[in-house]
Structure formats: structure tokens, C-alpha cells
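No lab work stands behind these numbers, since they all come straight from the coordinates. Please read these numbers as outputs of a predicted model, since none were measured by experiment. Neighbour counts are summed over all protein chains in view; Cβ atoms, including those assigned to glycine, are modelled from backbone coordinates with ideal geometry.
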Ligand SMILES: Nc1ncnc2c1ncn2[C@@H]1O[C@H](COP(=O)(O)OP(=O)(O)OP(=O)(O)O)[C@@H](O)[C@H]1O
């Protein structure tokens, strides 16, 4: 009998990067069905690189990624057919209207509207004219309505208003409650901890903390100040350049 709780995706001692330079080193991480996992860390920590290596769009430099229990590399398009959804920057066709964006994504409008009724009055609006939040609802609807097994999402809420962030995160939580596994890279630390089951904190390419949100709550200030420290360090570097 198949193990329904088996990890959808697993990284074991994963190293990944660009050229000969690893950005992420010795990373162990997994996502199981029904759980929302948050991947946190300051700018440049290697979060996007991790997602790219997990998705199959970046080859590991060391260690391995197992997708649906299988080791070895398969390209993103094949993983997509097998149930992996990747939502990065607002992935909408700006010259098409909302309804056509859904059609191209092979999603029925009705199904998308059940997820985000807000889009109903925007079905005939060009996606380029939608607000950032509406564009991200459209991207997420296209991903979730195809009933993926695993969602990898890179900063879903970048630059969006807090209420819209809540709305998007709630949609992911509800999909996870129906069996989706989700790995979310998020800058909204406190908001994502409200919906996450587990958290990994990445710093300079290594996991520095992992646990449940409850276990990490005591370290929230340290996590957030590592983001600020990064920003301050960058500013300092620029100032002395
Ligand atoms: N295509 C690339 N080629 C070379 N180096 C890259 C490339 N993409 C990212 N990097 C470098 O890898 C490091 C980690 O970047 P990555 O985007 O994974 O971090 P991140 O944690 O997602 O940060 P951010 O929150 O700023 O997106 C950075 O130093 C970045 O400059």
C-alpha cells in the first residue's frame, strides 16, 4: 500500500548554486502531503536557489533531491505534469484577460472563482491592468485549481497589502487542509507562521533553525533582526563603496 504520508519532496545534503559556487550547502528539508512549510531567511540566504533546485530547474551540485520518492533529476515541466506547481513572480500573461489566462492555464473560470470570488468582476479585464493582489490571486488560482500535489511559492505576497497577504495565505492553508503540500518562501514572517506547520530558517545557504512555529516563536525577534541586520549590512557596504 502506498505511504500517503511519505514526503512529496526531500532534499538530502543538497548543495546548489551557480557556476562552481554553491549558494546552498548541505541542506536537509522535506515537505509532506497536507503540510505548509515556511522557508525563511534574509535576502541572499539562498531561498530561491533552494526552490529552483527542488523544482528541477537547477541541477544539484551535491546531495540529492527526491521527488515523489524518486532520486535523480527531472526537469520542471515533467514534474509539473506529475503535480508540482511553482509560483514565482506574478506569472500572468499581461496581454490576455483574466478569463483567457485561466483558459491557457487549463483552469475553469468557475473553479477559480470558487477560490477567489474577487476575480469575478475582473474576468474580462486585461491581466496587465489587475492590481498586484489580483494578479497574484490569478497566478495562485492557476496553480491550485489544477490540484497539484506540491506547491513551491516564492514570495507570493511581495509588495502586497496585509489583507491580500492574509487572503493568499489562507487559500494555501485551505488547500493544504485538503492534502496539498506547500513550501512557501515568505518575507511576512509572522503571517506565515500563523498558517505554517513547520519552518526552516536559512542563513548564508545553511539551515540555522528548524521547528514548528510554536517552537520558533521565542526566536522571532532573532529571525526578524537577522533580516534587518542584512539590510543594514547591505546599506553599510553600499555607503562605503
Ligand atoms: N542566476 C544566478 N547566477 C549567479 N548567482 C546568483 C543567481 N541567482 C542568485 N544568485 C546569487 O545567489 C545568492 C542567493 O540568491 P537567492 O535568490 O537564492 O537568495 P534569496 O534568499 O532567495 O534572496 P532574495 O530574498 O533576495 O530573493 C545571492 O548571492 C545571489 O546573488
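Please tell me if residue 45 is buried (at least 16 other Cβ atoms within 10 Å of the Cβ) and farther than 17 Å from residue 25 by Cα. So residue 45 does not fit the description; no.
Would you mention how many residues in region 36-54 are within 6 Å of the ligand (Cβ to nearest atom) and either over 10 Å from the mean Cα position of the chain (by Cα) or assigned to a strand (DSSP E or B) (or both)?
Step one: list which residues in region 36-54 are within 6 Å of the ligand (Cβ to nearest atom), which gives 41, 43-49.
The next check asks that each one be either over 10 Å from the mean Cα position of the chain (by Cα) or assigned to a strand (DSSP E or B) (or both); those that pass are 41, 43-46, 49.
Residues in region 36-54 being within 6 Å of the ligand (Cβ to nearest atom) and either over 10 Å from the mean Cα position of the chain (by Cα) or assigned to a strand (DSSP E or B) (or both): 6 in total.
Does region 177-189 hold any residues that are under 13 Å from the mean Cα position of the chain (by Cα) and more than 16 Å from the ligand (Cβ to nearest atom), and which are they? Break it down into steps so the answer makes sense when it comes.
Of region 177-189, the ones under 13 Å from the mean Cα position of the chain (by Cα) are 180-188.
Selection gives 180, 181, 182.
Being surrounded by fewer than 22 Cβ atoms within 10 Å (Cβ to Cβ) and touching a helix residue (DSSP H, G or I) at 6+ places or on another chain (Cβ under 7 Å) holds for only one residue in 68, 58, 40, 27, and it is 58. Taken over region 160-189, the criterion of being part of a loop (DSSP other than H, G, I, E, B) and in contact with a strand residue (DSSP E or B) (Cβ under 9 Å, 6 or more places away or on another chain) is satisfied by 180, 186, 187. If you scan region 123-133, which residues turn out to be outside any loop (DSSP other than H, G, I, E, B) and surrounded by 20 or more Cβ atoms within 10 Å (Cβ to Cβ)? 127, 133 - these are the residues of region 123-133 that are outside any loop (DSSP other than H, G, I, E, B) and surrounded by 20 or more Cβ atoms within 10 Å (Cβ to Cβ). Within region 64-90, being within 16 Å of the ligand (Cβ to nearest atom) and not in a helix (DSSP H, G or I) holds for 65, 86, 87, 88, 89, 90. Quick check, is residue 192 part of a helix (DSSP H, G or I) and within 16 Å of the ligand (Cβ to nearest atom)? Judged against the criteria, residue 192 is a match.
For region 1-35, taking the residues that are more than 23 Å from residue 197 (Cβ to Cβ) and not in a strand (DSSP E or B), the one that is nearest to the ligand (Cβ to nearest atom) is identified as 19. Collect the residues in region 146-164 that are farther than 20 Å from residue 111 by Cα, in contact (Cβ under 8 Å) with a residue 24 or more places away in the chain and away from the ligand (no atom under 16 Å from the Cβ), keeping them in residue-number order. Scanning region 146-164 gives 161, 162. Out of all the residues in region 81-98, which are without any contact (Cβ under 8 Å) to a residue 40 or more places away in the chain and crowded, with 17+ Cβ neighbours inside 10 Å? Passing the criteria: only 97. Taking residues in region 28-40 that are free of Cβ contacts under 8 Å to residues at least 40 places away in the same chain, and partners anywhere that are not in a strand (DSSP E or B), the pairs with Cβ atoms closer than 7 Å and at least 6 places apart or on different chains are 30/7.
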